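Q: This structure is in structure tokens; I'll ask about it shortly.
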Amino acid sequence: MDAQSPNSFEPNKYVSLEKLVSLCKRRGFIFQSAEIYGGVNGLYDSGPLGTLMKQHIRKLWGQALQQLEQEVVLLDGSLIGPEAMWKASGHISNFHDPMVDCLVCKHRFRADDIDLTRPCTHCGNKQWTEVRNFNLMFTTQVGANTGQSTTAYLRPETAQAIFVNFKNVFSTARVKIPFGIAQQGKAFRNEITPKQFLFRMREFEQMELEWFCKPTESAYFYDFWRKKRMDFMYHIGITPERLRMREHSPDELSHYSRGTSDIEYHFVFGWKELEGIAHRGDFDLTQHMQHSGKDLKVYDEEAKESYTPHVVECSVGLDRLFLTLLFDAYYEDEVEGETRTVLRLHPAVAPITAAILPLTKKQHDKAHILYKKLKFAHYSVEYDLSGSIGKRYRRQDEIGTPFCITFDFDSETDDSVTIRHRDSMKQERIKIDDIQKTIDAALSVSFS
Ligand code: ATP
């Protein structure tokens with residue numbers, strides 16, 4: 001599919017944000033943080049199913065980077081960074097959003113989110129403050145002694161730890177340019193108006209790749225990563241027609257960027273950025289060289305000279321991708337006069353891969369042996385003995401479990417079970433010994 005094309009695609013008609021939020025809470029995907037104390041805007045906790053699903057997404061992201069010719073190595077940087085680092089990166093002077101307040105109701109808005117020629121959507125008056133810049137970084141103090149502590153910041157992106165460690169990694173990891181440093185971890189932004197559930201949060205997780213290459217090859221790798229990252233989205237099962245690549249116009253580009261493209265998804269609230277791919281040139285390494293006085297150049301054996309590598313960055317929010325996958329997978333089918341809610345998640349993404357369902361207590365022993373076998377072999381499985389089989393199927397459909405494995409009266413003697421496929425609802429009889437093979441085939445994803 002041409003990644004540039006579809007603009008007119010309808011969003012998933014079955015799901016509203018409210019429905020998704022309610023499903024996430026009802027089934028234990030996502031909870032509001034500190035809900036019993038009233039919660040905090042923009043902060044969320046992952047429940048048991050959300051945590052499993054996020055683990056699966058992280059794993060797939062890592063797998064995609066390992067299935068490359070070139071090396072990608074990992075880093076796990078600290079969450080707090082010194083002021084000097086954020087000065088060098090440009091975050092202290094540039095990492096802000098325009099903010100405006102309603103003078104009457106005191107409601108605060110992101111100025112680029114609203115039309116200032118119109119009344120306040122909260123109270124209906126039209127009296128605005130001046131538009132000011134609001135820095136999105138959370139400040140903290142490091143050190144216990146009052147007066148001797150220093151100001152530091154919670155990282156608003158994971159990338160800077162990669163840049164400042166570039167030389168450490170290059171000299172210890174036995175890598176050659178081009179290569180990548182990848183990192184998954186929390187980032188913090190004091191967003192003016194967190195909204196749309198997990199779309200804009202104040203604490204979220206990023207999965208970032210910084211790709212270091214020769215300046216002469218950076219244009220090639222910018223294109224290479226645009227394609228690779230879009231393919232990733234297809235491979236993990238996102239509907240291609242709801243994805244597009246949008247290249248930033250020159251006046252939209254960040255100060256450091258020589259080219260940026262967003263992979264956008266068509267949410268119910270419109271086309272929105274899911275992942276950013278940016279050609280950052282030598283901006284970051286040069287800034288850190290200038291501010292730290294340390295040499296971050298590499299030596300080119302062939303040209304017999306040192307140079308500053310160029311960087312292509314691929315940055316996606318884990319929570320935003322998680323939200324996208326849920327939006328994309330949510331369907332409501334009419335089955336025998338009833339509505340069946342089903343998450344058509346890729347099996348490798350689904351929080352639970354298989355549910356083991358004995359028809360009655362009589363099949364418990366045998367069914368539980370299979371459950372333990374799969375669980376100990378690190379499959380994500382659930383065991384459910386209570387309620388009618390129809391209700392148990394519906395529950396698994398709603399959390400996106402691709403396989404329901406039912407032990408019935410015949411299973412006691414024929415070593416076979418019924419396997420029910422989530423999307424088609426088709427049931428087939430299969431030998432217990434063949435289950436792992438069936439699951440493995442569904443779980444395998446090739447990114448090459
Ligand atoms: P936006 O324009 O949506 O604010 P951005 O351009 O500031 O995003 P980047 O700094 O490029 O975002 O961050 C990379 C990725 O991190 C984004 O594509 C998104 O997936 C994720 N991300 C950024 N901010 C948030 C947030 N507040 N909540 C959740 N995910 C976020």
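The values are calculated or read from the model by the stated rules, or taken from the named source; none is laboratory data. Keep in mind that what you see is a predicted model, and the values were worked out from it rather than measured. Note: ideal-geometry Cβ built from the backbone for every residue, glycine included; neighbour counts use all protein chains shown. We work out accessible area using only protein heavy atoms, side chains counted, and drop any ligands, DNA or RNA first. Shrake-Rupley method; radii C 1.70, N 1.55, O 1.52, S 1.80 Å.
Q: Within region 112-192, considering only strands (runs of 3 or more DSSP E) that don't extend past its boundaries, which have at least 1 residues that are surrounded by 15 or more Cβ atoms within 10 Å (Cβ to Cβ) and in contact with a strand residue (DSSP E or B) (Cβ under 9 Å, 6 or more places away or on another chain)?
A: Fully inside region 112-192 and qualifying: 132-135, 150-154, 179-188.
Q: For the subset of region 383-406 comprising residues that are in a helix (DSSP H, G or I) and open to solvent by 10 Å² or more (accessible area, probe 1.4 Å), which member is nearest to Pro351 (Cα to Cα)?
A: This residue is Glu398.
Q: I'd like to check something: does region 51-63 contain any residue that is over 16 Å from Arg155 (Cα atoms) and among the small types (Gly, Ala, Ser)?
A: Yes, region 51-63 contains at least one residue that is over 16 Å from Arg155 (Cα atoms) and among the small types (Gly, Ala, Ser).
Q: Search region 309-346 for residues being in contact with a strand residue (DSSP E or B) (Cβ under 8 Å, 6 or more places away or on another chain) and part of a loop (DSSP other than H, G, I, E, B), and hand back the single one that is nearest to the ligand (Cβ to nearest atom).
A: By that ranking, first place goes to Pro309.
Q: Additional query: If you go through region 271-330, how many residues are among the charged types (D, E, K, R), open to solvent by less than 40 Å² (accessible area, probe 1.4 Å) and within 27 Å of the chain's Cα centre (by Cα)?
A: As a first pass, look at region 271-330 and keep what is among the charged types (D, E, K, R): 272-273, 275, 280, 282, 284, 294-295, 297, 300-302, 304-305, 313, 319-320, 328.
After this cut, where a residue has to be open to solvent by less than 40 Å² (accessible area, probe 1.4 Å) as well, the list is 275, 280, 284, 300, 313, 319, 328.
Next cut, within 27 Å of the chain's Cα centre (by Cα) only: 275, 280, 284, 313, 319, 328.
Adding up the residues that qualify gives 6.
Q: So which residues in region 193-209 are of a type outside the set (Phe, Trp, Tyr), farther than 18 Å from Phe95 by Cβ and crowded, with 20+ Cβ neighbours inside 10 Å?
A: If the condition is that a residue be of a type outside the set (Phe, Trp, Tyr), farther than 18 Å from Phe95 by Cβ and crowded, with 20+ Cβ neighbours inside 10 Å, then Leu198, Glu205, Met207, Leu209 are the ones that fit.
Q: From the list Glu301, Glu305, which one is at pLDDT 95 or above and in the same structural domain as Phe232 (by TED's automatic domain parsing)?
A: The unique qualifying residue is Glu305.
Q: Another question, then. Give just the number: which of (1) in contact with a His (Cβ under 7 Å, 6 or more places away or on another chain); (2) more than 11 Å from the ligand (Cβ to nearest atom); (3) of a type in the set (S, T, N, Q) does Thr260 not satisfy?
A: So the condition that Thr260 fails would be (2).
Residue-wise test of (1) out of contact with any Lys or Arg (no Cβ under 8 Å at 6 or more places or on another chain); (2) touching a residue at least 24 places away in the same chain (Cβ under 8 Å).
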position: Pro119; (1), (2): no, no
position: Cys123; (1), (2): yes, no
position: Glu130; (1), (2): yes, yes
position: Asn133; (1), (2): yes, yes
position: Thr151; (1), (2): yes, yes
position: Phe163; (1), (2): yes, yes
position: Pro178; (1), (2): no, yes
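Q: For Met201, indicate whether it is closer than 28 Å to Leu296 by Cβ, touching a helix residue (DSSP H, G or I) at 6+ places or on another chain (Cβ under 8 Å), hydrophobic (A, V, I, L, M, F, W, C) and within 16 Å of the ligand (Cβ to nearest atom). Before you say what the answer is, go through the steps one by one.
A: Values: closer than 28 Å to Leu296 by Cβ: no; touching a helix residue (DSSP H, G or I) at 6+ places or on another chain (Cβ under 8 Å): yes; hydrophobic (A, V, I, L, M, F, W, C): yes; within 16 Å of the ligand (Cβ to nearest atom): yes.
No.
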